[in-house]
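Some notes on the structure that comes next.
The values are calculated or read from the model by the stated rules, or taken from the named source; none is laboratory data. This structure is a prediction, so every number in the text was calculated from the model and none was measured. Cβ: placed from backbone, ideal geometry, glycine included. Neighbour counts: every protein chain shown. Side chains are part of the model used for accessible areas, which takes the heavy atoms of the whole protein and leaves out ligands, DNA and RNA. Shrake-Rupley method; radii C 1.70, N 1.55, O 1.52, S 1.80 Å.
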Protein chains: 2
Amino acid sequence: MRPKNLIKEDAIRSIALQIISEEGLENLSMQKLAKAANISPRTIYIKYENKEDLLIKLFIEEVLGGYEKAILENFDPKMDFREGMKRLWLNTFHYLKNHKPSFSLLQHGKSSPLLNKAYQEKNIRQGEFFAPIPIFLKTNIEAGLIPDLPLDVYKALLFSPVNDLVAEYFDHADRPIQIITEEMILTCCETVIKGITTLK
Amino acid sequence: MRPKNLIKEDAIRSIALQIISEEGLENLSMQKLAKAANISPRTIYIKYENKEDLLIKLFIEEVLGGYEKAILENFDPKMDFREGMKRLWLNTFHYLKNHKPSFSLLQHGKSSPLLNKAYQEKNIRQGEFFAPIPIFLKTNIEAGLIPDLPLDVYKALLFSPVNDLVAEYFDHADRPIQIITEEMILTCCETVIKGITTLK
DNA sequence: ATCATAAGTAAACAAACGTTTACTTACTTT
DNA sequence: AAAGTAAGTAAACGTTTGTTTACTTATGAT
């Protein structure tokens, strides 16, 4: 039988992400995607059941998968707290600023009920998603190096400021001088570390 | 002449926000909105030029306007740093957790290119938007009470963790026991304050 | 009471939507 | 080399989209 053309599958994914990033989730249509990828609409339906299936698989497999892998690169739960934090922040910053379409769909995941629901179900089904980070925190809490705050508070402190700075980076990415630098990420990270390790 | 029915105008706004919150921006249509508000589609076009105009005015005037007002309530740039920070965090938490549709559109504003662009233009045109906060920070920097970090770093530290915790609050709002409490917000706020005031 | 006029309605417009039907192509297996 | 089959196409399906046209309603001013 005729084999799948993997180049076309890649094109569907990358062009879908590109359209979402440039025009928003509300402006992605199957026909627009097919035309931009130079294929027939029917071809998308070989791989994906429907539009919702495409969006969820793009979000969960393509984007969240790559994001998790990039964040955890060279990270080990047994690292020193300061070094571990810096590694996570720099991994996040470098990955996201070089993958604008992925960052864009991640942001959509926080507002679209469809994607948000899919994210929550993934979190419930796969307990190992981003698991090294809770282990890292627990180890440091048990060693008495950081206070015993709720996991949600740690998640808010670890992930949201660097995410916010990346959003700011893209908002001004066309400027002649870089507004958000690696130095600023490290300053912000250092501030959070100080806050956590100084508390109580 | 026949006067406008202000109740209908209110219904358009609140029902639009409700649909966006429950089904997402990508599932709001003018006809669905008209049907849900029990009016003719044409009535929406008396107040708004088109769909984009409706979304932008909803976002900028209705949502951002109310958000800014709520955050700055009982806040004064001359407040003590710790007290000012707590005021801002608690205002944000209480307002957002009681205004889910507004929170939802605020989140959409971070992913939708249309709304994001509108937000940036508002920020440029109206230099006074959220102005008390930069003044608050500048005053404390000049008094030597907090370090001289870039405004973007302060914005990331002040706004994003509490926003993230509100998102978590809504994700688990149907649970029997409250997951995100005011106590957690204050703990998180205290951590950030410690980080900022301890640094250097 | 009537008039002028903007508010508001019901129905319709072309265009675009997600998806499917009917068909052809290209490659593996025999 | 022929057969079998999934990949892939072009065109179309019925809906729904954003918006408008043609009309009616309700109210302040005369």
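Suppose all protein chains stay in the model; what accessible area per residue would a 1.4 Å probe give for the range A:139-199, in Å²?
With the other protein chains kept in place, the range A:139-199 gives 43 Å² per residue.
May I ask you to derive the FRET efficiency for A:T139 and B:A143 from their Cβ-Cβ distance with R0 = 35 Å, giving the value to the nearest 0.05?
Rounded to the nearest 0.05, the efficiency is 0.35.
Going highest first, how would you order A:33-40, B:86-93 by mean Cβ packing within 10 Å?
B:86-93, A:33-40
Which value, in square angstrom to the nearest 100, describes the accessible area buried between chains B and A on both sides, using a 1.4 angstrom probe?
Roughly 3200 Å².
Leaving ligands, DNA and RNA out of it, report the carbon-plus-sulfur percent of the accessible area of the range A:58-198 at a 1.4 Å probe.
That share works out to 51 percent.
Note every residue of the range B:112-132 with a reduction of at least 30 square angstrom in accessible area, all protein chains present versus the isolated chain, computed with a 1.4 Å probe, or write none.
B:P113, B:Q120
So with the 1.4 Å probe, I'd like the accessible area per residue for the range A:1-82, rounded to whole Å².
Each residue of the range A:1-82 exposes 61 Å² on average to a 1.4 Å probe.
Please give the calculated 222 nm ellipticity per residue for chain A, where each DSSP H segment of at least 4 residues contributes -39500 (n - 2.57) and the sum is spread over every residue; nearest 500 deg cm²/dmol?
-21500 deg cm²/dmol
Using a Gaussian network model of chain B whose springs link C-alpha atoms within less than 10 Å, name the residue from B:D174, B:D148, B:D80 with the highest mean-square fluctuation.
Answer for the Gaussian network model of chain B: B:D174.
Using a 7 Å offset from the Cα along the Cα-to-Cβ direction at both B:A173 and B:E61, what is the distance between the two label points in nm, to one decimal?
Going from the B:A173 label point to the B:E61 one covers 2.5 nm.
In whole angstrom, how far apart do the alpha carbon centroids of the range B:1-73 and the range A:132-200 sit?
Centre-to-centre distance over Cα atoms comes out at 36 Å.
Could you list the residues of the range B:131-164 with an amide nitrogen less than 16 Å from a label point located 7 Å from the Cα of B:F75 in the Cα-to-C-beta direction?
Under cut-off, by backbone N: B:131-141, B:151-164.
On full extension of the chain, what length is gained from A:Q120 through A:R2, given 0.36 nm per residue of separation minus the C-alpha to C-alpha distance?
Contour length minus Cα-Cα distance gives 38.7 nm.
Can you find, among B:A131, B:S21, B:P161, the residue sitting farthest towards the positive end of the charge dipole of chain B, where Lys and Arg contribute +1 and Asp and Glu -1 at Cβ?
Value: B:S21.
Considering every residue in A:165-172, what mean count of other chain Cβ atoms within 10 Å of its Cβ is obtained?
So the per-residue partner count for this stretch is 4.
Report, in listed order, any pair from A:K57/A:K86; A:K194/B:K78; A:K97/A:K155; A:K100/B:K117; A:K155/B:K97; A:K110/B:K117 with a Cα-Cα distance greater than 23 Å.
Cα-Cα > 23 Å for A:K57/A:K86; A:K194/B:K78; rest within.
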